[in-house]
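Written below as structure tokens is the structure these notes are about.
The values are calculated or read from the model by the stated rules, or taken from the named source; none is laboratory data. Quantities reported herein were computed from a predicted structural model and do not represent experimental measurements. All Cβ positions, even for glycine, are placed from backbone atoms using ideal geometry, and neighbour counts span all protein chains on display. In case anyone asks, the SASA skips ligands and DNA or RNA and just uses the protein heavy atoms, side chains included. Shrake-Rupley method; radii C 1.70, N 1.55, O 1.52, S 1.80 Å.
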Amino acid sequence: MGYGSEKAMSLISQNVGSKNRVKTKKEETDGPAFMEGNEENNEDGRDSELAMSRAKKRRREKEEQLEVDEGKEMKRLENFLFGSLYSPIEFGNDEEEKAHDEVENGSALFFVDRSASTELCVYKEESEVLEKSDVDEEPRQRKPVWVDEEEAKTTIDIAHTNRLRKLRKEDSENLISGREYVARLRAHHAKLNPGTEWARLDLQSRNNGSYDDESSDEENGIVTARGYEVAETFDDVFRTNEDLVVKSRKKLLPGILEYSRLVDANAQEASNGPINSVQFHRNAQLLLAAGLDRRLRFFQIDGKRNTKIQSIFIDDCPIRKASFLPDGSQVIIAGRRKFFYSFDLVNAKVDKIGPLVGREEKSLEFFEVSPDSSTIAFVGNEGYILLVSSKTKELIGTLKMNGTARALAFSGNGQQLLSHGGDGQVYHWDLRTRTCIHKAVDEGCINGTALSASPNGSLFAAGSDGGIVNVYNNELFLGGNRKPIKTIDNLTTKVDFMKFSNDAQILAICSHMKKNSLKLIHLPSYTVFSNWPPGNTTLHFPRCLDFSPGGGFMAVGNAAGKVLLYKLHHYQHA
């Protein structure tokens, strides 16, 4: 045992000695190398950093290229499985392919692709999908399920049959094709039976898509009603022919007048005496009715209820005439009295004016108001015409005719006044100088009883006690041509009242002395509407008439105390 332990100790001591020698040798070799290469290590570190950045850049480029290759491979597989989704096959010339390659290589800045219009699809299903998408982008149009080929070959004579004459666009139109006949029938039906917007399926489907736009507009305080923003597009004009065929500004055709009877305008409170005046306010919703029962009534006209708004009782003046000022602020009321009344609509105040200073007239029942609301012209005694200011209600001047004055009418903008009377002559007065600029005999007239001028001042009509109405061109008459354009002899008794419609397409003439003695004349054909007056109802003794500003309503006052209300279908607005 002693020998073994000594041998083990010698081995351990030898091993420890060898380790110490290795360590000492390592320190000897490392120590001098570190001290000598301190400066060289700085340069080696910089080179290593550049090398690492270059390696990272190359690695990043390889990854990007790998992603691109994977994307191309993915698209290639998808195109192989599902068709040309990303790059449909194109057939072009070699120059275009060469230009495309140059762009990929960066040698060309741009090129012009002329093969876009020659895109072709390999698969039939794919072409159908593309065609369907192109059709969806275009405005959707309804196509008929079946078309009658005989319509194009058939011709209809719309002038021969009375009930088809209303389909004409021109007076001289006779034969139309079958398709045109069907289109006009549809338009006529749509005019008489207008549908509601919410019931239209095409508007409902399009309104669903416009809801988001409307909600965004509501946030900005701008709201457009659903359906109207779609109706304003250009293609909607061509979806229907209703507005193209039926239009309020179209010419009114002669022959038959389309109208319907509505609830009487004064149905809620009829007059106890004859109605002498009816007139629409310029807003087309307010109507006045006045008569010998000394009451001035106002009604709100809607054609269904015609609600009564107000009634004013004038104690000492049976009303012969009442008229709005054109500006709508006042109502002038007159009778067979030496004074007249003014009713202020804004303040609801009645003022009594007169007698006029320096005048001895016992009746101021006939008067007219100028279109500019500045002057009121009264018919006076012995051929005098009294001019009164509508603001001060004072006499501002007089005009004198050779005979008695019986009828007045303002022409144009109110600068001229026409008068007619007992000497059978028509006078033209210039109100700026208050002088007569022209006078001429009304052809065939002995005593003039009525006068009316068109709103634009181009025409005027003169009526006499023999029932004759002469229509003149104002410019030609002033130029010396005394021949009337047309002489109307449909009345057999004295002409008491005449009125032009606001668009000068209708002239109404009536006489107080005979039942149903009211005629409507079509202009410019100057023919009487054959279906007026209506045969199934009686107008009684008509005394006055007025058209609403838009022409849609016509009110007729009669001696029975009623105001008959009619709807004229040619006009779209009241």
- Is region 524-542 home to any residue that is touching a Cys at 6+ places or on another chain (Cβ under 9 Å), buried (at least 21 other Cβ atoms within 10 Å of the Cβ) and modelled with pLDDT of 95 or more? yes
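Each row is one residue, and each column tells you yes or no for (1) more than 30 Å from residue 180 (Cβ to Cβ); (2) in a helix (DSSP H, G or I); (3) at pLDDT below 50.
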| position | (1), (2), (3) |
| --- | --- |
| 131 | yes, yes, no |
| 135 | no, yes, yes |
| 141 | no, no, no |
| 144 | no, no, no |
| 147 | no, no, no |
| 156 | no, no, no |
| 159 | no, no, no |
| 164 | no, yes, no |
- Message: Within region 464-482, take every residue that is in a loop (DSSP other than H, G, I, E, B) and within 18 Å of residue 527 (Cα to Cα) and give me the one that is most open to solvent (accessible area, probe 1.4 Å).
- Response: 468
- Look at region 273-294 and say how many of its residues are of a type in the set (S, T, N, Q) and modelled with pLDDT under 95. 2
- Message: Just to be sure I understand the filter: pairs with C-beta atoms under 7 Å, separated by 6 or more residues or on different chains, first member in region 162-173 and closer than 15 Å to residue 257 by Cβ, second member acidic (Asp, Glu). Which pairs pass?
- Response: 166/258
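Could you tell me whether residue 324 is within 33 Å of the chain's Cα centre (by Cα), without any contact (Cβ under 8 Å) to a residue 60 or more places away in the chain and closer than 27 Å to residue 496 by Cα? Show your work before the answer.
Working: within 33 Å of the chain's Cα centre (by Cα): yes; without any contact (Cβ under 8 Å) to a residue 60 or more places away in the chain: yes; closer than 27 Å to residue 496 by Cα: yes.
Taking the combined requirement at face value, the residue satisfies it.
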- For residue 508, which of the numbered conditions (1) over 25 Å from residue 283 (Cβ atoms); (2) open to solvent by less than 10 Å² (accessible area, probe 1.4 Å); (3) more than 28 Å from the chain's Cα centre (by Cα) fails to hold? (1)
- Query: Among the residues of region 402-415, how many are in contact with an Asp or Glu (Cβ under 7 Å, 6 or more places away or on another chain), open to solvent by less than 50 Å² (accessible area, probe 1.4 Å) and at negative phi?
  - Reply: 4
- Query: Of the residues that make up region 524-542, is at least one free of Cβ contacts under 8 Å to residues at least 24 places away in the same chain, farther than 20 Å from residue 291 by Cα, touching a strand residue (DSSP E or B) at 6+ places or on another chain (Cβ under 6 Å) and not acidic (Asp, Glu)?
  - Reply: yes
- Query: Considering 308, 393, which residue is open to solvent by 50 Å² or more (accessible area, probe 1.4 Å) and either farther than 25 Å from residue 450 by Cβ or out of contact with any His (no Cβ under 6 Å at 6 or more places or on another chain) (or both)?
  - Reply: 308
- Which condition number does residue 343 fail, the rest of (1) assigned to a strand (DSSP E or B); (2) buried (at least 19 other Cβ atoms within 10 Å of the Cβ); (3) in contact with a Phe, Trp or Tyr (Cβ under 7 Å, 6 or more places away or on another chain) being met? (3)
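Filter region 175-193 for residues that are farther than 21 Å from residue 552 by Cβ and open to solvent by less than 80 Å² (accessible area, probe 1.4 Å) and give the result.
Kept after step one, since they are farther than 21 Å from residue 552 by Cβ, are these residues of region 175-193: 175-186.
Result: 176, 177, 178, 180, 181, 182, 183, 184, 185.
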- Message: I'd like to know if region 513-521 contains one or more residues that are in contact (Cβ under 8 Å) with a residue 40 or more places away in the chain and open to solvent by 10 Å² or more (accessible area, probe 1.4 Å).
- Response: no
- Can you confirm whether region 272-285 contains a residue that is more than 21 Å from residue 548 (Cα to Cα) and basic (Lys, Arg)? no
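Determine, yes or no, whether residue 492 is part of a loop (DSSP other than H, G, I, E, B), hydroxyl-bearing (Ser, Thr, Tyr), at negative phi and without any contact (Cβ under 8 Å) to a residue 60 or more places away in the chain.
yes
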- Message: residue 502 - would you say it is polar (S, T, N, Q), closer than 28 Å to residue 563 by Cα and assigned to a strand (DSSP E or B)?
- Response: no
- Message: Condition first: farther than 14 Å from residue 472 by Cα, surrounded by fewer than 19 Cβ atoms within 10 Å (Cβ to Cβ) and either β-branched (Val, Ile, Thr) or touching an Asp or Glu at 6+ places or on another chain (Cβ under 7 Å) (or both). Now tell me which residues in region 425-457 satisfy that.
- Response: 433, 435, 437, 446, 447
- When you scan region 359-370, how many residues do you find that are modelled with pLDDT of 95 or more, in contact with a Ser or Thr (Cβ under 9 Å, 6 or more places away or on another chain) and open to solvent by 10 Å² or more (accessible area, probe 1.4 Å)? 2
- Only listed residue being aliphatic (A, V, I, L, M), modelled with pLDDT of 60 or more, part of a loop (DSSP other than H, G, I, E, B) and open to solvent by 50 Å² or more (accessible area, probe 1.4 Å), chosen from 222, 256: 256
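What's the total number of residues in region 478-527 that are acidic (Asp, Glu) and farther than 20 Å from residue 467 by Cβ?
Going residue by residue through region 478-527, those that are acidic (Asp, Glu) are 489, 496, 503.
Among the residues that remain, those that are also farther than 20 Å from residue 467 by Cβ are: 503.
Of the residues in region 478-527, 1 are acidic (Asp, Glu) and farther than 20 Å from residue 467 by Cβ.
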